[in-house]
Amino acid sequence: MGARSFQLPRRTTPAFLLSLSAVLALFLSGCGAPFAARPTHYQPAPAALQDKVDCLATPYWNEPLMTAPPAVADKMGSVPRGFVPVDVVVCPPGQRIVPQAGPEPARATILEEHHAGNYGPLLAALAQPSDREEGGACVSMAETIPDLWLVDARGKAVHVQWPRTGCGFPKPGTREALAALPVSSSKTIDTRPSGAVEQFTPPPARVLAGADCLTTARWYEGNGTADPSAKDMGSIPAGFEPAAAVECTAFGPNATDARGTWRTITQKRFTGDLAPLVKVLRSPSDRALGKLVCEANLEIIPDLWLVDAGGRAVHVQWPLTACGKAKEGPKEALARLTVVQTTVLKAVRLPAPQPKDLPAPPATATAP
């Protein structure tokens, strides 16, 4: 088995470099010497005329397999006969931020580079036929091929396919011709993959007559959101000045009295400097813009109320990640406050145990 190596673009700006995971995804099958079979040549069909350059057709560079979707690939091709470019646009992959349910929206970037100058050498290089070979093997290395667009005087654009060897590498000439053309302008375009998240602030919570930890009993209903009081939850209303915080935690020890056994809610009242807690509670939550893979685990997030000097209260929604987990900050700020009262509330009475039916006595044999 021959040694594996990477062939990176000759231009070494970050825009032309793939991440390691991307390069691994681009490994070509086979090892050893390049193709030894005799190649045949072909010319791709002319590229379709499009209304404008679309570097956002290139986000497939940020996908694991790095293959153009059919809607993009079907419009790519060779330079149409008689097409005279007045602008050349290269769309190399830029920085990639892996989608995650964190405070920063996930994104990837595509560069749009415009090149000006003598386009003759580039057109000559693009006129080369591509190779198709059967048999033999390809070396295990990878090379990025940035998307290439040509624009004519009418503003019409064509998405050009680079001439390639039988192993899928670009033939000599195109990259060199592009490198000889100065960059006249460039810009960065942010794209959002399907796992991206965005930030949002929930509507303000309704101001109620007081804190009510019994609404936390919804955690015992199976889905954690059954109680209608959840509609009153939200962000801290403008102008609301809390003097205390109340934490309501379910799934504590059961309590038993003359009426039966109860599932409980532990109510803790906190005082102290609430400014740090209020600050982190005002931070935004995240939500997914598409499909987001989350860990399959459950986090119990205590209900939290803020109470003002007059006893009025708001049921505060914790800042959450797109996976529904509590963001860092509120729990830590709450732990720095002073607990002045702890009360165990009987929330949900468990059904009384039912007596078990005794098995029927065995049949007794009788003498004849």
Flag if T264 is surrounded by fewer than 18 Cβ atoms within 10 Å (Cβ to Cβ), among the β-branched types (V, I, T) and closer than 22 Å to K346 by Cβ: no
Given (1) at pLDDT 70 or above; (2) in contact with a Ser or Thr (Cβ under 9 Å, 6 or more places away or on another chain); (3) part of a loop (DSSP other than H, G, I, E, B), index of the condition A125 fails: (3)
Given (1) in a loop (DSSP other than H, G, I, E, B); (2) open to solvent by 40 Å² or more (accessible area, probe 1.4 Å); (3) farther than 18 Å from A217 by Cβ, number of the condition I300 does not satisfy: (3)
Residue that is nearest to D286 (Cα to Cα), among those in segment 70-106 that are modelled with pLDDT of 70 or more and touching a helix residue (DSSP H, G or I) at 6+ places or on another chain (Cβ under 6 Å): P93
Subset of segment 199-228 [under 20 Å from T266 (Cα atoms), modelled with pLDDT under 80 and part of a helix (DSSP H, G or I)]: R218, W219, Y220, E221
Search result, residues across segment 329-344 that are buried (at least 18 other Cβ atoms within 10 Å of the Cβ) and not in a helix (DSSP H, G or I): L337
Any pair with Cβ under 9 angstrom, 6 or more apart, that starts in segment 114-127 at a residue that is on the phi > 0 side of the Ramachandran plot and ends at one that is buried (at least 18 other Cβ atoms within 10 Å of the Cβ) and of a type outside the set (G, A, S): G117/V88; G117/L181
Checking G234 against (1) out of contact with any His (no Cβ under 9 Å at 6 or more places or on another chain); (2) open to solvent by less than 30 Å² (accessible area, probe 1.4 Å); (3) among the small types (G, A, S), the condition it does not meet: (1)
Matching residues, segment 30-59, being of a type in the set (S, T, Y) and either at pLDDT 85 or above or surrounded by fewer than 16 Cβ atoms within 10 Å (Cβ to Cβ) (or both): T40, Y42
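The values are calculated or read from the model by the stated rules, or taken from the named source; none is laboratory data. Source: prediction; values computed, not measured. Don't worry about glycine lacking a Cβ; one is built from the backbone with ideal geometry, like all the others, and counts go over all protein chains shown. All accessible areas refer to the heavy atoms of the entire protein, side chains included, with ligands and DNA or RNA removed. Shrake-Rupley method; radii C 1.70, N 1.55, O 1.52, S 1.80 Å.
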